[in-house]
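Student: I have a structure here, written as C-alpha cells, and I will follow up with some questions on it.
The values are calculated or read from the model by the stated rules, or taken from the named source; none is laboratory data. Here the structure is a predicted model, which is why all the values come from computation and not from measurement. Here the Cβ is made from the backbone with ideal geometry for all residues, glycine too, and neighbour counts use every protein chain on show. Just so you know, the surface numbers come from the protein's heavy atoms only, side chains and all, with ligands and any DNA or RNA stripped out. Shrake-Rupley method; radii C 1.70, N 1.55, O 1.52, S 1.80 Å.
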Amino acid sequence: MLVRPRKVLPTVLTICAVLYAMKDPEGAATVIKAAVHLLMSASESFTRFVQTMSN
C-alpha cells in the first residue's frame, strides 16, 4: 500500500489542530489568526511578484 505524503500531512495537521483547539480554544484562535495573516501576506507578495514578472 502506497501512501502519498501530500495527502497524509494535511490530514495529520488537521487532526492535531482540532485536538489542540479542544484543549485550548483561546490559543487555537490566536494560532488561526496568525496563520490567516501569514497566508494573506504571502498571497499579496505572490500577486506582487506575478505583476512584476508580467510587466
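Student: Which length gain, in nm to one decimal place, applies between ALA34 and MET53 when the Cα-Cα distance is subtracted from 0.36 nm times their residue separation?
Tutor: Extending this stretch completely gives an extra 4.0 nm.
Student: Using a simple charge model, +1 on the beta-carbon of Lys and Arg, -1 on the beta-carbon of Asp and Glu, nothing else, what dipole does the chain show about its Cα centre, in debye to the nearest 20?
Tutor: 260
Student: Can you work out the accessible area per residue across the chain, with the rest of the protein chains kept in place, probe 1.4 Å, in square angstrom?
Tutor: Value returned for the chain: 98 Å² of accessible area per residue.
Student: So how tilted is helix 5-23 from the main axis of the chain? Cα-based, degrees 0 to 90, rounded to 10.
Tutor: 60
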